[in-house]
Each structure stands twice: as C-alpha cells, then as structure tokens.
Amino acid sequence: MTAPEGRGAAPEGQAPAREDSAIRIVLADDERMVRTALRVILDAEPGLQVVGEASTGAEAVSVVRELRPDVVLMDVRMPEIDGIQATRRILAGAGSDAPRIVVVTTFENDAYVYDALRVGAAGFLLKRAAPEELVSAVRLVARSDSLLYPAAVRGLAAEHARRHPPAAPAWVSRLTDREAEVLRHMAKGLTNAEIAGLIGVGPATVKTHVAAVLAKTGARDRTQAVIVAYESGFIRPSAGG
C-alpha cells in the first residue's frame with residue numbers, strides 16, 4: 001500500500017488534539033512501516049484522524065480501551081494475542097460504545113478472517129487495497145449502513161455453511177415477513193436507502209426493521225447478521241444471498 005503525501009503525524013503513542021467531527025481511528029499492526037503508511041493515508045483525509053497505534057494484540061486492547069476510537073484497523077496475525085482474540089476482548093461488554101473493527105489481512109479467504117467476523121469484526125480489508133479503498137472502507141464502517149465487501153462476506157459465510165450443516169434457531173420464526181425481507185437485502189450489501197427504494201418505505205422505517213433484525217438474531221451489526229443468517233440456514237448458499 002503506497003502512502004500519498006499528507007499532513008504530519010503525531011509522535012507514536014501520543015494522541016493528537018481531538019477533532020470532534022472526525023472519525024477517530026486506531027491502527028494495530030506489528031509492522032511499523034505498515035502503521036506509518038496507513039497513518040499518512042488516513043490523516044491526509046478530511047474527517048479522519050488517527051489517534052493511536054499498537055504493535056501487538058494485547059497493546060491494541062489497551063490502547064482502544066484508553067482512547068475509545070470509532071474505528072480500529074486490526075492486523076489478523078500479531079504477537080502475544082492475534083487480531084481475533086484482540087477483537088473479542090475489545091468488544092466484550094462494550095455495548096453500543098464499541099468501536100467498529102476492520103481486520104486487515106493478506107488473503108480474503110483466510111480462515112482467520114471468518115473467525116474475526118464471527119466474533120464481531122465489522123468487516124475486513126486486504127493489505128493490497130488502494131489508498132482510496134482504505135479511506136472508503138473506514139468511512140463505510142463508521143457509518144454502519146452497509147457491508148464492507150458484501151460479496152466476499154457472503155462467500156465466506158456460504159463456504160462455512162456448506163461445511164457445517166445449519167440448525168435453524170428460534171429467532172428465524174420470530175422474524176416478521178418484512179424483517180425477513182430486509183435481512184435478505186442486508187445480506188446483499190444494500191444500504192438502508194437502497195432497501196427503502198426496493199420495498200417502498202422510508203429509510204427511517206428500514207432502520208427500524210434493521211434494529212429489530214439485529215435484536216432478534218442477537219447480532220452486533222449487519223455483518224454479524226449476515227453471518228448468522230447463513231449459519232442458521234435462513235439464507236442458503238445456493239441462493240447466493
């Protein structure tokens with residue numbers, strides 16, 4: 001990932017002065033050069049601010065708890081504890097104040113990626129992603145209105161479902177017809193506005209349906225809702241989401 005020229009970064013380990021309107025980001029990667037490149041790319045963008053860094057999974061947990069960022073870019077493989085365990089610890093008991101975690105990986109079909117999504121990561125990003133993809137991904141997960149790389153998430157979930165026969169949980173029968181329809185559209189990566197246009201209601205109504213889907217499935221966010229939809233058999237791999 002090539003870093004473009006940007007404004008100067010704060011010294012490592014020191015959070016810059018807060019910009020209240022900015023999306024606050026923590027970078028967790030054991031390679032300093034990777035963190036530096038990511039920081040330069042992100043800090044060059046209006047509305048984005050890197051507030052902290054971590055070089056191990058354990059350090060990531062500590063830094064995130066201290067700085068309470070909006071988004072965390074989490075390397076999958078790091079010393080001490082990996083990105084999956086770090087993600088689980090960060091999200092445990094965090095509730096609505098939890099940051100949106102994006103795991104960073106070399107291969108999109110890595111089993112680690114799916115495990116990270118299952119424990120609550122909002123999505124994943126490939127290390128070869130272009131700077132504009134990185135910026136777009138951060139803004140998207142911070143907005144929480146769609147899936148990051150929906151086709152890849154569906155592919156990972158579908159492959160897991162093929163290998164592990166699903167057992168329909170009780171929540172499937174508790175979904176209303178409209179909520180079931182909304183969940184299927186969520187699995188396609190559609191935004192609330194796009195879903196609203198398809199089913200003929202307002203975005204606020206869709207938002208209400210999405211909240212009901214998350215509550216009934218026990219999912220933290222849209223990504224986890226898609227994961228459990230496949231694992232439960234609610235969405236069949238052959239149906240393609």
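The values are calculated or read from the model by the stated rules, or taken from the named source; none is laboratory data. All of these numbers come straight from a predicted model, not from anything done at the bench. Here Cβ is always computed from backbone atoms with ideal geometry, including for glycine, and neighbour counts include all displayed protein chains.
Give region 154-204 a look and list any residue that's under 20 Å from the mean Cα position of the chain (by Cα) and among the polar types (S, T, N, Q), or say none.
THR191, ASN192
Just to be sure before I move on: is GLY123 in contact (Cβ under 8 Å) with a residue 12 or more places away in the chain and within 30 Å of ILE41 (Cα to Cα) in the structure I sent? Spell out how you get there, then give the answer.
Values: in contact (Cβ under 8 Å) with a residue 12 or more places away in the chain: yes; within 30 Å of ILE41 (Cα to Cα): yes.
Against the criterion (in contact (Cβ under 8 Å) with a residue 12 or more places away in the chain and within 30 Å of ILE41 (Cα to Cα)), GLY123 qualifies.
If the Cβ limit is 9 Å and pairs must be 6+ apart or interchain, which residue in region 155-183 that is of a type in the set (D, E, K, R) pairs with which residue that is in a helix (DSSP H, G or I) and at pLDDT below 90?
Partner pairs satisfying both residue conditions: GLU159/TYR114; GLU159/PRO237; ARG162/PRO237.
Listed here are the residues, each with its yes/no results for (1) at pLDDT 90 or above; (2) crowded, with 20+ Cβ neighbours inside 10 Å; (3) touching a Gly at 6+ places or on another chain (Cβ under 8 Å); (4) on the phi > 0 side of the Ramachandran plot.
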position	(1), (2), (3), (4)
PRO166	no, no, yes, no
PRO169	no, no, no, no
ARG174	yes, no, no, no
GLU181	yes, no, no, no
ASN192	yes, yes, no, no
GLY200	yes, no, no, yes
LYS207	yes, no, no, no
THR223	yes, yes, yes, no
PRO237	no, no, no, no
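For region 147-163, name all the residues that are outside any helix (DSSP H, G or I) and out of contact with any helix residue (DSSP H, G or I) (no Cβ under 7 Å at 6 or more places or on another chain). Quick ask: steps written out before the conclusion?
Looking only at region 147-163, we keep the residues that are outside any helix (DSSP H, G or I), and these are 147-149.
Listed by number, the list holds a single entry, TYR149.
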